[in-house]
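Colleague: Have a look at this one.
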Amino acid sequence: YGGGVVGRYCDHAESFPAVTHFHTIRVNQPSAKYYTTKFLGDLCDLWDFRGSGLTNLHGATGDLVFLGTTTPQLEEIYWTLTHDLDTDLGVSGGNLRTPACCLGESRCEWACYDTQDVCHTLTQEYQDELHRPAFPYKFKFKFDGCPNGCVASIARSDFSVIGTWKGDIKIDQDAVKGYVSGEFAPNGGAHSGRDWGKFDIVAEVIDLCPTGCM
């Protein structure tokens, strides 16, 4: 099972026979953690049948975590995950952990590159390092699409990738004029019905630019 199963045993099995084994299983999360309702339901059904029913969504690595099962169930769980649910084990222990990323270009206007593509590609590339612990300590990849850092790649990984702008920032002056004149609803319409006064482009845009590039 490599890095996907964390073996846990009770030192007082005579007193607590129900938790003689209480292994943890990590399940590889989809890139950016996109789940369908059916897939989540299938995972829950599997864990109710083969484990304790306790889950953690998600660990610091990013994997969905199944908490508590017995040794005879491990192969059955692995078979169902890989053959029936078309997913794989995640990773724990002293090895390369499952790569994780933010939503990226799939939903975020700030993303500077396709985080999901990079995360998926490297997950496939490093399957051997992921599932066969060979490192003296854990090592994590995380991919942030922009400096907002929605997966906290600097704080929570060893190999942090952060998307930044390439070249000079380009400004659509006609769109700016349209926004100032009220052609576009402020904040995407979230401020509808509230009077915030006259739009001040210097105070609300220029002065808020963290690098002063505008």
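The values are calculated or read from the model by the stated rules, or taken from the named source; none is laboratory data. Worth saying up front: this structure is predicted, and the values here are computed from it rather than measured. We place every Cβ from the backbone using ideal geometry, glycine too, and count neighbours over all the protein chains shown. Surface accessibility is based on the protein's heavy atoms, side chains included, excluding ligands, DNA and RNA. Shrake-Rupley method; radii C 1.70, N 1.55, O 1.52, S 1.80 Å.
Colleague: Pairs to check: Lys177/Lys198; Lys170/Lys198; Lys33/Lys142; Lys166/Lys198. Give those whose C-alpha atoms are more than 22 Å from each other in this structure.
Modeller: Lys170/Lys198; Lys166/Lys198
Colleague: Find the accessible area per residue for the stretch 43-114; the probe is 1.4 Å, ligands and nucleic acids are left out, and the unit is Å².
Modeller: That works out to 47 Å² per residue.
Colleague: Largest first and in whole Å, what are the equivalent-ellipsoid semi-axes of the stretch 5-85 based on the Cα gyration tensor, each being the root of 5 times an eigenvalue?
Modeller: Semi-axes (√(5λ), whole Å): 24, 14, 10.
Colleague: Sort by residue number and name the cysteines in the chain that have no neighbouring cysteine Cβ under 4.7 Å.
Modeller: Cys10, Cys44, Cys108, Cys112, Cys146, Cys209, Cys213
Colleague: With contacts defined as alpha carbon pairs under 8 Å and 6 or more residues apart, what's the relative contact order of the stretch 96-162 in percent?
Modeller: Relative CO of the stretch 96-162 lands at 37 percent.
Colleague: Using the alpha-carbon centroid of each, what span in Å lies between the stretch 134-206 and the stretch 1-78?
Modeller: After rounding, the separation between the Cα centres reads 36 Å.
Colleague: When Lys and Arg each count +1 and Asp and Glu each count -1, what net charge do the other residues less than 9 Å away from Gly90, Cβ to Cβ, add up to?
Modeller: So the environment of Gly90 carries a net charge of 0.
Colleague: Relative contact order (percent) for the chain, with alpha-carbon contacts under 8 angstrom and 6 or more residues of separation?
Modeller: 16
Colleague: So what does Leu122 come to for accessible area, using a 1.4 Å probe and Å² rounded to 10?
Modeller: 40
Colleague: Need the full-extension length gain, Trp110 to Tyr78, defined as separation in residues times 0.36 nm minus the C-alpha distance. One decimal, nm.
Modeller: Extra length available between Trp110 and Tyr78 comes to 7.8 nm.
Colleague: Let me ask another. If R₀ is 35 angstrom, what is the calculated FRET efficiency for the pair Asp200 and Ala152, using the beta carbon separation as r and rounding to 0.05?
Modeller: 0.60
Colleague: Something else about it: Quick one: if the Förster radius is 30 Å, what FRET efficiency do Val6 and Lys166 give, using the C-beta to C-beta distance and rounding to 0.05?
Modeller: With a Förster radius of 30 Å, E is 0.15.
Colleague: Using r as the Cβ-Cβ distance of Phe39 and Ala185, and R0 as 35 Å, what FRET efficiency do you calculate, to the nearest 0.05?
Modeller: It comes out at approximately 0.45.
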